[in-house]
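These notes concern the structure reproduced below.
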Amino acid sequence: MNTPLARPAPARAAVPQPSGTVDAHAPARLLIGFGEVRHARLRPKANAFAYPTYFLMLPMRSLRNGTAAAGALRVNRPGWLSFHDRDHGDGRGPEAGGALAWLDELLAQHGIRDATGEAWLHCYPRVMGYTFKPVSFWYCHAADGALRAIVVEVNNTFGERHCYLLEQPVYGMALHTAKRFHVSPFCRVEGSYRFRFFVDEQRTRTVTRIDHHDDEGVLLQTSVSGQLVPLTRATVRHALWRHPAMTFGVIARIHWQAARLWLKRVPFFTKPARPEQFVSRDADAPN
């Protein structure tokens, strides 16, 4: 086993108090989060970074039925800041029900038919028509506001997508699932993920932590956190002014960090075949 490295991982983001439910009767509104992405590799060579970021938090059911207005966000239309259904799920457009219809079908296929409450989608937008979404999170609630399932939607730079379905989650509780999907050429497709999700009851702050474990323990530590505010013309201008090419920066930073790992001679692994199943369930995780 490798000895611990002297260089510490980045400090963990502060988290709100865990909550098991949200107010099912509170009016939903589109939110935008301003925060930070942190990532640390612990071995065989230490590598850590932290970048400022922003992201969307969208009440997809309310958006579809019209009880939440799109406002400053362009939905399925070109714009400086936009959201497109085709960027998620199986890529279906709004004429076929969009990403929400895909989500409901996925849940039903796995026996989850009571997630009829709000479905909040945490994702990157398109900026000037471009996006790359390393990971998106679907928070699926029951009618009473209880969190029923979380779908973690992962994209790699090879144009592939895979989903992890986490059943009966609780905010703040550790959730485990086996790693089934190739993301980085510097990590094998083995081991497991440990997720922890925090969202306060008022939806003013969110923190998500993802740790990748292998046979030697924790290999990678990642977190994304942010303060949530209403998505308005003013907050959209603020996002575009502070980070005018944010989604271009996401893909550029991925390749820059890959170059750093290559220069540090971190072992490189050939990409395996994609999983036969599009969705992995948390029941697949090792004990």
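The values are calculated or read from the model by the stated rules, or taken from the named source; none is laboratory data. Keep in mind that what you see is a predicted model, and the values were worked out from it rather than measured. Methodologically, a virtual Cβ is constructed for each residue, glycine included, from the backbone with ideal geometry; neighbour enumeration extends over all protein chains shown.
Just a few scattered comments:
- For region 1-60, a residue qualifies if it is crowded, with 19+ Cβ neighbours inside 10 Å, over 26 Å from A143 (Cβ atoms), modelled with pLDDT under 55 and over 17 Å from the mean Cα position of the chain (by Cα), but none of them does.
- Only residues that are of a type in the set (G, A, S) and in contact with a Ser or Thr (Cβ under 9 Å, 6 or more places away or on another chain) were counted in region 214-248, giving 3.
- Remark: pairs (first residue in region 79-107, touching a residue at least 60 places away in the same chain (Cβ under 8 Å); second residue acidic (D, E); Cβ separation under 7 Å; 6+ apart in sequence or on different chains) = H88/E153.
- Only residues that are more than 12 Å from H182 (Cα to Cα) and either under 25 Å from the mean Cα position of the chain (by Cα) or not in a helix (DSSP H, G or I) (or both) were counted across region 263-275, and they come to 5.
- Any hit, region 177-189, residues being over 16 Å from the mean Cα position of the chain (by Cα) and β-branched (V, I, T): yes
- For L165, the conditions (1) within 17 Å of the chain's Cα centre (by Cα); (2) among the aliphatic types (A, V, I, L, M); (3) part of a loop (DSSP other than H, G, I, E, B) are fulfilled apart from (3).
- Selection within region 179-210: residues that are out of contact with any Lys or Arg (no Cβ under 9 Å at 6 or more places or on another chain) and of a type outside the set (K, R). The member of this set that is surrounded by the most Cβ atoms within 10 Å (Cβ to Cβ) is T206.
- Count - residues of region 211-244 that are among the small types (G, A, S) and surrounded by 21 or more Cβ atoms within 10 Å (Cβ to Cβ): 4
- Any chance R74 is surrounded by 15 or more Cβ atoms within 10 Å (Cβ to Cβ) and modelled with pLDDT under 95: no
- Flag if L166 is surrounded by 20 or more Cβ atoms within 10 Å (Cβ to Cβ), over 24 Å from V250 (Cα atoms) and in contact with a strand residue (DSSP E or B) (Cβ under 7 Å, 6 or more places away or on another chain): yes
- Matching residues in region 87-134 - criterion: being buried (at least 19 other Cβ atoms within 10 Å of the Cβ) and either at pLDDT below 95 or among the hydroxyl-bearing types (S, T, Y) (or both): Y124, T131
- Any hit, region 108-124, residues being closer than 22 Å to V154 by Cα, without any contact (Cβ under 8 Å) to a residue 12 or more places away in the chain, hydrophobic (A, V, I, L, M, F, W, C) and out of contact with any helix residue (DSSP H, G or I) (no Cβ under 8 Å at 6 or more places or on another chain): yes
- Restricting A234, A258, A245 to residues that are without any contact (Cβ under 8 Å) to a residue 24 or more places away in the chain and of a type outside the set (D, E, K, R) narrows the list to A234.
- Scanning region 224-262 for residues that are farther than 21 Å from H39 by Cβ, part of a helix (DSSP H, G or I) and out of contact with any Phe, Trp or Tyr (no Cβ under 7 Å at 6 or more places or on another chain) yields a total of 7.
- If you go through region 72-102 and keep only what is out of contact with any strand residue (DSSP E or B) (no Cβ under 8 Å at 6 or more places or on another chain) and aromatic (F, W, Y), you end up with just W102.
- Residue count for region 64-91, restricted to those that are under 20 Å from W102 (Cβ atoms) and not in a loop (DSSP other than H, G, I, E, B): 8.
- Once region 195-215 is narrowed to residues that are without any contact (Cβ under 8 Å) to a residue 24 or more places away in the chain and assigned to a strand (DSSP E or B), the residue that is nearest to I150 (Cα to Cα) is D211.
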